[in-house]
Amino acid sequence: MTKDYLLALDQGTTSSRALLFTPQGEIVASAQVPFPQHYPKPGWVEHDPMELLDSQLRAAADCVAKSGVCSGQIAAVGLANQRETALLWEKRTGKPVGNAIVWQCRRTAEFCTRLQQEGYAQAIRARTGLLPDAYFSGTKYRWLLDEIPGARARAERGELIGGTVDSWLLWNLTGGKTHRSDYANCSRTMLLDIHRRCWDEDLCQLLEVPRQILPEPVENSGLLGVVASNVPHLEALAGVPICGAAGDQQAALFGQGCFAPGQLKNTYGTGCFTLLNTGQTPVLSQNGLLTCIGWGLGGKTTYVLEGSVFNAGSSIQWLRDELGLIETAHQCDVLAESVPDNGGVYLVSAFTGLGAPHWDMYARGTLVGLTRGTTKAHICRATLEGIAYQTADLIAAMERDAGHPIPALRVDGGASVSDFMMQYQADLLGVPVERPDLVETTAWGAACLAGLGAGLWSGPEEIAGAGRHHTVYTPQTDRSKEYARWQRALDRAMAWEEEG
Ligand code: ADP
């Protein structure tokens, strides 16, 4: 009877999931519990920390119950979580103080603009690898401390503590014994000095976040805590060690086996997230990409360059929900493949502006090259191609920053099932695109970090081989002519809205 199952908790933005893996990467059981989103004002997004926690604990309990595995057979628990979301709670009771401010929430945008105008962007970038933006946790803590009555005074008296979702889960899973956060999550707060791997006193002062409310930054793998005996729904898991944690995108990079410098993955979801392993040297981007910690393992830090495409799978949803051109996302693939080419049609899905490397908040979605012969199949094709072009632009910027070409691209996420788009991506990049059969790369990454921490493997190299099978798309067609036209379409999309 195997005793080395790994339980991964994948705490996402709209639901919490739990998956039980064998060390070979097979899924034994899984469960998913959604939880409510709260939108108190336009542009504001909150989660109730208790609803979030409850959904995660239920998912874990469901998953373990379904599997028929007992706690003695689980070697370790690993965590992956939505990043940047920040909250405060009472140190004595564990009771949350207000809702968590979710990564998507824009309420601190004005303060971030001020930081920029006052000339802090350079210092923030040099220390944290990030750009001042409402996305990151630091200014969210500041908001909670200032706007929740009495919070700042209570924090200064040592009554309140805070953290990102990983530390909230760890705190609760260990019955309030552990106040820690892994380096990957910490590196998305705008408060961590990513070079020294510690909270930066100057930035804590600048953002008015008392150092003592923050969790202790720790490595992504190792004994992070032990499941307490009184965790609701998880009584059966008492005593199981928690041996791994990482923010979801870093967990996915790890789960994809991108352990070596130069390896990268792209997740094609609602948006795309591309992360490139740059090894033990943090590379500060010349192209508007972010620098974060991928993971800290065995005293070594692996850094990543990160970029995102704001609208990827969401442009397929737009075809379905707003235009009514398709009924399912799969139809988009079928239609795209029904025409020999895009018929000269290009869709730049800059619905909410363009991210790296273009960084144009005033860009807007643009459909160009229409003729009387344009059909919906061409538009579907242009939509999928548009996602691949934006990814190619992002990766080209990463290659410039890293100073070397990429060897291959590993992919995952809901839209990576599109064979057409993956083939087109390979054609554009001129390197193989590899999609693992195991699509649960985020949860698997958390499981791998936990397995390493529990001593199931002596190093990441031992995991890399475990049960990996990929569908590989090799470059077949030269797309340089289409790519050049894409650049022209992009020019038309950029700076469309008037500033101010
Ligand atoms: P997220 O985690 O961001 O919610 P997922 O990884 O679940 O996203 O991916 C969902 C996205 O995948 C949707 O935007 C959807 O349009 C896209 N998608 C789903 N099926 C297909 C398909 N067959 N072809 C292309 N895109 C698809």
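Structure summary
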item	result
Degrees separating the helix 137-147 axis from the principal Cα axis of the chain, which is the longest one	60 degrees
Accessible area (Å², 1.4 Å probe, nearest 10) - residue 70	70 Å²
Length released on extending from residue 327 to residue 469, taking residue separation times 0.36 nm less the Cα-Cα span	48.0 nm
Taking the stretch 5-250 and dividing mean pair separation by its residue count, relative contact order in percent (alpha carbons under 8 Å, at least six apart)	20 percent
Cα-only radius of gyration and Dmax that characterise the chain, units Å	22.4, 70
Over 31 Å (Cα to Cα) - which of 91/265; 41/177; 66/91; 265/300; 3/300 fall in this group	91/265; 41/177; 66/91
Calculated FRET efficiency for the pair residue 148/residue 22, C-beta based, R₀ 45 Å, to 0.05	0.50
Order by protection proxy (mean Cβ within 10 Å, highest first), peptides 97-110, 382-395	382-395, 97-110
Qualifying trypsin sites (Lys or Arg not before Pro) in the stretch 302-377, DSSP loop, other Cβ atoms within 10 Å at most 13	372
Residue order for 199, 359, 44 - accessible surface, 1.4 angstrom probe, largest first	359, 44, 199
Debye log10 I(q)/I(0) at q = 0.25, 0.26 Å⁻¹ for the stretch 280-326, Cα point scatterers	-0.85, -0.88
CD proxy at 222 nm, helix term only [per DSSP H run n ≥ 4: -39500 (n - 2.57); per residue of the chain; nearest 500]	-10000 deg cm²/dmol
q = 0.08 Å⁻¹: log10 I(q)/I(0) that the Debye formula gives for the stretch 5-250, counting C-alpha atoms only	-0.29
Extension reserve of the residue 208-residue 487 stretch, reckoned as 0.36 nm per residue once the Cα distance is removed	96.2 nm
Exposure rank, largest accessible area first [171, 143; 1.4 Å]	143, 171
DSSP bridge orientation in the chain - percent antiparallel, rounded to nearest 5	70 percent
Cleavage-rule hits (GluC sites (Glu not before Pro)) in the stretch 192-282: DSSP loop, at most 16 neighbouring Cβ within 10 angstrom	208
Contact order normalised by residue count of the chain, Cα under 8 Å, 6+ apart, percent	15 percent
Rg/Rg_globular for the stretch 157-222, with Rg_globular taken as 2.2 N^0.38 Å and Rg from C-alpha atoms	1.07
Rounded to the nearest 10 Å², the accessible area of residue 326 at probe 1.4 Å	10 Å²
C-alpha center-to-center spacing [the stretch 361-382, the stretch 169-188] in angstrom	46 Å
Loop-located GluC sites (Glu not before Pro) in the stretch 318-374 whose Cβ has at most 16 other Cβ within 10 Å (DSSP)	322, 327
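The values are calculated or read from the model by the stated rules, or taken from the named source; none is laboratory data. Here the structure is a predicted model, which means the values were calculated and not measured. Don't worry about glycine lacking a Cβ; one is built from the backbone with ideal geometry, like all the others, and counts go over all protein chains shown. Keep in mind that these areas ignore ligands, DNA and RNA; they rest on the heavy atoms of the full protein, side chains included. Shrake-Rupley method; radii C 1.70, N 1.55, O 1.52, S 1.80 Å.
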